[in-house]
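Asks: Would you mind keeping the following structure in view while I ask a few things?
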Amino acid sequence: MVTVDEYARIRQAHAHDKLSVRQLARNFGHSRRKIREILAQAEPKPYQRRAMPSILDPFKPVVDVIVGEDKQAPRKQRHTAAKIFRRLRDEHGYTGGYAPVHSIFGYDARPNVVARAENLPAKAWRKLERPPRYTVHTQPRPRPDNVKERIVVARQFENQRLQSEEVAEFNYQPTACTQTYRMVVVRKNISVEKGEKLLFDRIVYFFYLSNDWVAEANEIVFRANDRCDQENVLAQLLHAVRALTAPVDNLVSNWAYMVMTALAWNLK
């Protein structure tokens with residue numbers, strides 16, 4: 001593969017140093033055919049990723065019809081990704097797994113997508129209501145005093161408080177992709193305080209790219225967060241307690257060791 005810098009040096013060596021094609025091929029380690037291609041083009045060809053076929057490709061028209069019908073149906077009667085998967089499997093003979101049907105990826109907050117989010121109209125945003133982490137089935141216990149928070153204020157440490165979360169979405173096609181996807185964005189309003197003084201408000205964006213056009217935007221966010229939680233648990237098991245590095249010699253013992261370590265970690 002020829003880099004852009006090497007491309008420029010080859011053309012410069014030919015134009016200014018008057019090196020022949022054979023000399024350029026020997027000096028830069030490329031074939032003479034490749035050198036001729038470089039000299040014939042003023043600029044390098046942009047890299048184009050070859051589209052890989054998917055087992056889902058023959059069924060995409062069916063998915064498009066289902067999604068199109070759902071846009072006219074009441075919200076509670078629309079298909080979820082799981083329902084679309086079952087219909088493809090039971091009615092149309094789809095033999096693939098669930099993953100090709102539904103995917104969610106965290107996306108970097110790059111300047112172009114941040115600008116798209118900032119230019120969304122105010123009516124595109126709605127409050128993100130997060131469900132409670134767990135349901136209390138007994139008498140609720142009184143919450144203890146937040147000693148750490150009191151110390152942070154008393155010692156004039158810089159503190160960040162989450163004031164609100166809003167969610168919106170827009171269509172987005174990444175540069176290396178051939179189709180448009182659904183971009184769900186979360187806008188967090190964070191106040192930066194020092195002691196009891198408010199310094200300034202900071203807006204932070206989080207982006208999630210998905211091909212699920214049916215689920216609600218907040219559901220996309222919650223699924224991505226749940227997956228991140230599992231990744232954090234795996235990272236803790238791998239690096240913190242070394243649960244995935246078992247000093248035994250067979251798979252069953254490895255499994256038992258990992259389960260015992262995970263239970264001990266969760267009960268600590």
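Asks: Students often get this wrong: which residues of the range 189-214 have the backbone nitrogen under 15 Å from the point 7 angstrom along Cα-to-C-beta of residue 154?
Replies: 195-196
Asks: Also: Taking amide H positions as placed in the peptide plane 1.01 Å from N, state which residues far from residue 195 in sequence (5 or more) or on other chains have amide H under 5 Å from it.
Replies: Correct list: 156, 157, 159.
Asks: So, one more: If I model a spin label at residue 227 and residue 179 as a point 7 Å from the Cα along the Cα→Cβ vector, what separation in nanometres do I get?
Replies: Going from the residue 227 label point to the residue 179 one covers 1.7 nm.
Asks: Right, something else. When we measure straight from the Cα of residue 60, which aspartates and glutamates land under 16 angstrom away, once same-chain ones fewer than 8 places off are left out?
Replies: Candidates past the 8-residue exclusion: 69, 70, 90, 91, 212.
Asks: Under a Cβ-Cβ cut-off of 13 Å, what is the net charge of the residues other than residue 190 that fall near it, where Lys and Arg count +1 and Asp and Glu count -1? Intermediate values should be presented prior to the final figure.
Replies: Details: positive: 161, 187, 188, 202; negative: 158, 165, 166, 193, 201.
Surrounding charge for residue 190 is -1.
Asks: Let me check against my output: what whole-number percent is the relative contact order of the range 76-187, with C-alpha pairs under 8 Å and at least 6 apart?
Replies: Working: 56 pairs, mean separation 21.5, N = 112.
The normalised contact order for the range 76-187 reaches 19 percent.
Asks: Also, quick follow-up: If r is the Cβ-Cβ distance from residue 252 to residue 13 and R0 is 41 Å, what FRET efficiency results, to the nearest 0.05?
Replies: Numbers: r = 63 Å, r/R0 = 1.53.
Efficiency at R0 = 41 Å is approximately 0.05.
Asks: In Å², and per residue, what accessible area does the range 58-163 have when probed at 1.4 Å with the other protein chains present? Can you show the working numbers first?
Replies: Details: 8740 Å² over 106 residues.
Normalised by residue count, the accessible surface of the range 58-163 is 82 Å².
Asks: Ignoring solvent entirely, what values of log10 I(q)/I(0) come out of the Debye formula for the range 107-190 at 0.15, 0.23 Å⁻¹ when each Cα is a single scatterer?
Replies: Those come out to -0.82, -1.15, one per q.
Asks: What residues qualify as long-range amide H neighbours of residue 94, i.e. H under 5 Å apart, gap of 5 or more or another chain, H built at 1.01 Å from N?
Replies: The list, which skips near neighbours in sequence, is 89.
The values are calculated or read from the model by the stated rules, or taken from the named source; none is laboratory data. Fair warning: this is a prediction, and the values are worked out from it, not measured in the lab. For neighbour counting, all protein chains shown are included, and Cβ atoms are generated from backbone atoms with ideal geometry for every residue, glycine included. The area values use the complete protein model at the heavy-atom level, side chains included, leaving out ligands, DNA and RNA. Shrake-Rupley method; radii C 1.70, N 1.55, O 1.52, S 1.80 Å.
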